[in-house]
1. Determine, for 28, 83, the number of other Cβ atoms within 10 Å of each Cβ, and report the residues in order from fewest to most.
2. Residue 97 versus residue 46, label points 7 Å from Cα toward the beta carbon: distance in nm?
3. Nearest 20 debye, what's the magnitude of the dipole of the range 4-94 about its Cα centre given +1 on Lys and Arg Cβ and -1 on Asp and Glu Cβ?
4. For the chain, what relative contact order do you get, as a whole percent, if you take Cα pairs closer than 8 Å and at least 6 residues apart?
5. Taking H as built 1.01 Å from N, whose amide H comes closer than 5 Å to the amide H of residue 62, not counting residues under 5 places away?
6. Let me see the P(r) profile for the range 4-94: every Cα-Cα distance counted, bins of 5 Å, each bin given as a percent of all pairs.
7. Considering the zone a paramagnetic label at residue 14 would reach in this model (a point 7 Å from Cα along the Cα-to-Cβ line), which residues of the range 62-98 have amide N under 14 Å from it?
8. Under the definition of Cα pairs under 8 Å and six or more residues apart, what whole-number percent is the relative contact order of the range 11-63?
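Values quoted throughout were computed directly from the atomic coordinates according to the rules given, and no laboratory measurement underlies them. Just so we're clear, the structure is a prediction, and the values are computed from it rather than from any experiment. Don't worry about glycine lacking a Cβ; one is built from the backbone with ideal geometry, like all the others, and counts go over all protein chains shown.
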Amino acid sequence: MSKTYLVGQITVTHPEGYAVYSAQVPQTIAAFGGKYLVRGGHATQLEGQAQGERNVVIEFPSREIAEAWYNSDAYQAIIEHRTNNSTGALALVDGYDL
């Protein structure tokens, strides 16, 4: 079973409201065995158009677990703090098994 990665490109439009989300989301991720690989940080766009200013990559043990996290009561209770205070895109990407 390959790992799955949540890849997000986010532009924060209202920092105070987004801070509520940012403070609460790590414990929801950890509860599903997820971990941040990238959370913000300097980025250089080499090609194409970025979908947001802030990049996030979160590793989950599997696609099923990543989907369970996204649909969980704990995450759904805070998701509006992200969607109401930022724009961007999220994608689940299956990892590559060597």
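1. 83, 28
2. Label-label distance for residue 97 and residue 46, simple model: 2.8 nm.
3. Around 180 debye, computed over the range 4-94.
4. Here the relative contact order equals 53 percent.
5. Those qualifying (amide H under 5 Å, at least 5 residues apart or on another chain) are 4.
6. Going from the shortest bin to the longest, the percentages are 3, 14, 23, 28, 19, 10, 3, 0.
7. 79-87
8. So the answer I get is 42 percent.
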